[in-house]
1. What's the whole-number percent of alpha carbon pairs in region 173-219 lying beyond 15 angstrom?
2. Working out 0.36 nm times the residue gap between His161 and Glu54, then minus their Cα-Cα distance, what length gain in nm do you get to one decimal?
3. Once you treat every alpha carbon in region 72-230 as an equal point and sum by Debye, what is log10 I(q)/I(0) at q = 0.09, 0.13, 0.15, 0.18 Å⁻¹?
4. In straight Cα distance, which aspartates and glutamates are under 20 Å from Lys58, not counting same-chain residues fewer than 8 positions off?
5. Any idea which of Ser218, Asn134, Thr92 is furthest toward the positive side of the dipole for the chain, if Lys and Arg beta-carbons carry +1 and Asp and Glu beta-carbons -1?
6. Packing-wise, with mean Cβ within 10 Å as the measure, how do 109-115, 174-180 rank, highest first?
7. To the nearest 0.05, what FRET efficiency results for Glu249 and Glu141 with a Förster distance of 41 Å applied to their C-beta separation?
8. Leaving out ligands, DNA and RNA, and with a 1.4 Å probe, what % of the accessible surface on region 71-113 is carbon or sulfur?
Amino acid sequence: MKTQVAIIGAGPSGLLLSQLLNRAGISTIVLERQSREYVLSRIRAGVLEWGSVELLRKAGVGTRMDAEGQPHDGFHLAYNNQEFRVDVHEHTGKRMMVYGQTEVTRDLYNAQDDIGATIIHGVENVKLHDLKSNAPRVTYELDGENHKIQCDFIAGCDGFHGVSRPSIPDDIRTEYEKIYPFGWLGVLSDTPPCADELIYANHRRGFALASMRSPTRSRYYIQVPLTDKVENWSDDAFWDELKRRLPVEHANALVTGPSIEKSIAPLRSFVCEPMQHGTLFLCGDAAHIVPPTGAKGLNLALSDVHYLFEALQVHFNTGNSEQLANYSKTALDRIWKAIRFSWSMTTLLHRFPDQTDFDQHIQESELRYTAQSNAAQTSIAENYVGLPY
Ligand code: APR
Ligand code: PHB
């Protein structure tokens with residue numbers, strides 16, 4: 001088989017890249033290890049930056065998002081039973097869209113079906129070859145048979161555990177990592193959200209987040225020790241702990257119900273440099289991970305795809321490869337800013353195992369300062385809604 005761009009992974013990065021390239025007349029083949037049903041059953045984050053919203057519209061997948069997504073003009077920060085609102089729209093002129101990653105992925109799959117794109121599921125043993133030549137290849141197995149794709153470029157969109165990143169030789173690749181000493185226990189439930197906008201809460205017992213997917217579906221999280229097991233958290237225990245950590249007014253308004261998904265995720269920051277090697281380009285979780293506190297994971301994946309798509313389009317249309325050569329540098333500039341923002345939100349809002357009263361005072365005074373300072377709120381708002389591409 002032959003294609004212009006072979007894409008490894010059919011998460012949001014791979015599917016969006018394939019969608020944009022196909023619409024620009026550039027051929028792709030997407031290889032995905034899992035089944036489509038499996039990909040669509042993964043529950044992930046749900047807040048889109050303004051740039052992500054515009055990019056999805058440009059890719060022709062904005063219709064359902066615009067009809068069913070919930071535009072949010074702000075969010076709330078809570079601490080010590082106090083709460084204030086960051087009016088993102090007032091500070092930036094932009095807003096967020098609350099629309100689940102699962103729905104974004106579903107819309108991308110449907111759009112790919114409509115244009116007849118090639119997505120091959122259930123592939124095994126994917127390997128990348130001759131990355132430094134002008135004729136790279138991808139080999140894989142499907143149902144026990146060996147296959148080969150010849151291509152011009154390979155996009156590694158295969159997430160944190162994929163094969164693409166390790167295909168960049170060790171002596172060329174630098175990895176930066178920070179592991180946080182806690183996780184998030186998340187619950188999805190078919191109950192109305194306890195507030196109209198998201199609430200991020202600093203509490204002495206640990207961080208809590210009230211989020212949502214729709215007017216009838218809520219998503220809540222509480223910080224837990226990494227040693228906790230999800231099976232030891234009953235729904236009742238989760239709701240009780242969440243109520244303790246949310247401001248009283250919202251705890252009282254909380255409607256509880258059976259969880260339809262419950263899981264614990266560790267928190268880490270991770271960056272791989274460079275994000276390209278010869279004809280291979282990494283996008284999304286394959287190259288970087290953020291803790292979920294700033295809702296940046298999906299949004300960063302989408303901005304990587306934007307940069308890579310633009311660079312590939314210029315290359316194929318004009319033969320000029322300068323943008324492509326600068327892809328890693330361009331993408332990493334924005335990624336490190338989001339890494340910093342997610343780290344600072346995580347540091348501000350979580351209870352660390354060795355935290356002293358001094359540390360707690362520092363967190364609370366930063367929150368009080370932010371509550372009272374227009375400049376501080378502008379800074380949080382512009383990072384939260386997404387820095388420009
Ligand atoms: N061969 C083929 N496919 C693979 C391989 C492999 N060796 N390894 C992983 N994959 C597939 C995974 O099954 C997955 O469907 O690559 C896909 C990667 O998708 P994601 O992990 O969703 O990564 P990405 O598309 O970059 O999305 C960015 O934003 O909110 C965050 O972490 C969240 O997934 C989210 C991410
Ligand atoms: C979510 O709704 O899953 C969500 C929202 C905001 C975050 C993280 C997760 O910062």
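1. Percentage above 15 Å: 57.
2. Net length gain for the segment: 35.6 nm.
3. So the normalised log intensities are -0.55, -0.97, -1.07, -1.16.
4. Partners found: Glu49, Asp66, Glu68, Glu103, Asp107, Asp113, Asp114, Asp304, Glu310.
5. Farthest along the dipole direction, towards plus: Asn134.
6. Averaged packing, sorted descending, gives the order 109-115, 174-180.
7. 0.15
8. Accessible surface attributable to carbon and sulfur in region 71-113 totals 37 percent.
The values are calculated or read from the model by the stated rules, or taken from the named source; none is laboratory data. The shown structure was predicted, so the numbers you read here are calculated from the model rather than taken from an experiment. For neighbour counting, all protein chains shown are included, and Cβ atoms are generated from backbone atoms with ideal geometry for every residue, glycine included. The area values use the complete protein model at the heavy-atom level, side chains included, leaving out ligands, DNA and RNA. Shrake-Rupley method; radii C 1.70, N 1.55, O 1.52, S 1.80 Å.
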